[in-house]
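Structure record follows, encoded as structure tokens.
The values are calculated or read from the model by the stated rules, or taken from the named source; none is laboratory data. None of the values given here were measured: they were computed from a predicted structure. We place every Cβ from the backbone using ideal geometry, glycine too, and count neighbours over all the protein chains shown. What goes into the accessible areas is simple: the full protein's heavy atoms, side chains included, and nothing from ligands, DNA or RNA. Shrake-Rupley method; radii C 1.70, N 1.55, O 1.52, S 1.80 Å.
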Amino acid sequence: DISAQTGTTGTELSAFDGILKDIYSKNYGESFSDIADAISTVAQSSKTLNPSGIKQMTTDAIALRDTFGYDIQESVRAANMLIDQFGVSGTEAFNLIAQGAQQELDKNGDLLDSINEYSVHFKQIGIDAEGMFNSLLNGTASGTFSVDKLGDAVKEFGIRVKDGTGDEAFKALGLSVDATKQAFVTGGAAGAQAFKSVTDALFSMDDKVKQNQLGVQLFGTMWEDLGAEGIKALSDINGEFDR
């Protein structure tokens, strides 16, 4: 089954024999066939992983499925996105997904899809993996019903930084347009600090009408959908998530 699904043969295929037996001996999976399918799914989507990496990701994926009911293919796809964007390990990625499920981030069934769609946008403005999950949790704690909406707000912000739509808002907030945009281009700590500077300035405004106008310039319709409190909560990247 593994050979047919992955095209693996010879010495490479023989390595899967040990992986299969080891996972089964630790009481993961329903049968050899079930584990073989899981191994194949991981191997298909993570071609660069060595055998020990495939074994660990397969074990984690099966544990996540059996605990939270996640489809293995979907959870592996989300884990790979976290690995690609944030440089975490496979186990760290699955740890974050499991913590998200424990914190009810998937109450609408959109957590894995949101990870796949919006990780790149969090990364682009300098927010790391834990920061993204903390942001989503803080946003939902404020009353937002969907993590997809929260991710979309970050995406809209990133688009407005790039296309110049947010330039006037940066000026109105007393920030240097060039320095702010360069910080987002740099990403990492510089991007995260720039995001904090923008949101701190926005939410310290006394004029709520002007704040609302600038909020729409920076976050588009997501500001209208989530409201000032939702965006403010989303901008908080501190919390308990730990890879």
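Listing for the model above:
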{"quantity": "Dimensions (Å) - the chain, Cα atoms, principal axes, largest first", "calculated": "66, 33, 25"}
{"quantity": "In sequence order, calculated HN-Hα J values of segment 55-71 (Karplus, 6.51, -1.76, 1.60; Hz; x Gly/Pro)", "calculated": "4, 5, 5, 5, 4, 5, 5, 5, 4, 5, 4, 6, 8, 10, x, 6, 4"}
{"quantity": "Convex hull volume of segment 1-131 per residue (C-alpha atoms, cubic angstrom)", "calculated": "100"}
{"quantity": "Counting all C-alpha pairs of segment 175-223, share separated by more than 14 Å (%)", "calculated": "56"}
{"quantity": "Distance in nm between pseudo-label sites at Gln193 and Ser45 (7 Å out along the Cβ direction from Cα)", "calculated": "3.6"}
{"quantity": "Positive dipole terminus of segment 113-243, leading residue within Leu150, Ser235, Gln211 (C-beta point charges)", "calculated": "Gln211"}
{"quantity": "Dipole magnitude of segment 1-133, debye to nearest 20 (Cβ charges: Lys/Arg +1, Asp/Glu -1, about Cα centre)", "calculated": "280"}
{"quantity": "Surface share of carbon and sulfur [accessible, 1.4 angstrom probe, percent] for segment 103-180", "calculated": "45"}
{"quantity": "At most 15 other Cβ within 10 Å, DSSP loop - GluC sites (Glu not before Pro), segment 1-77", "calculated": "Glu30"}
{"quantity": "Contact order normalised by residue count of the chain, Cα under 8 Å, 6+ apart, percent", "calculated": "19"}
{"quantity": "Per principal axis, descending, Cα span of segment 150-189 in whole Å", "calculated": "26, 21, 16"}
{"quantity": "Column: log10 I(q)/I(0), Debye, Cα scatterers of segment 103-243, q = 0.11, 0.17, 0.21 Å⁻¹", "calculated": "-0.35, -0.86, -1.33"}
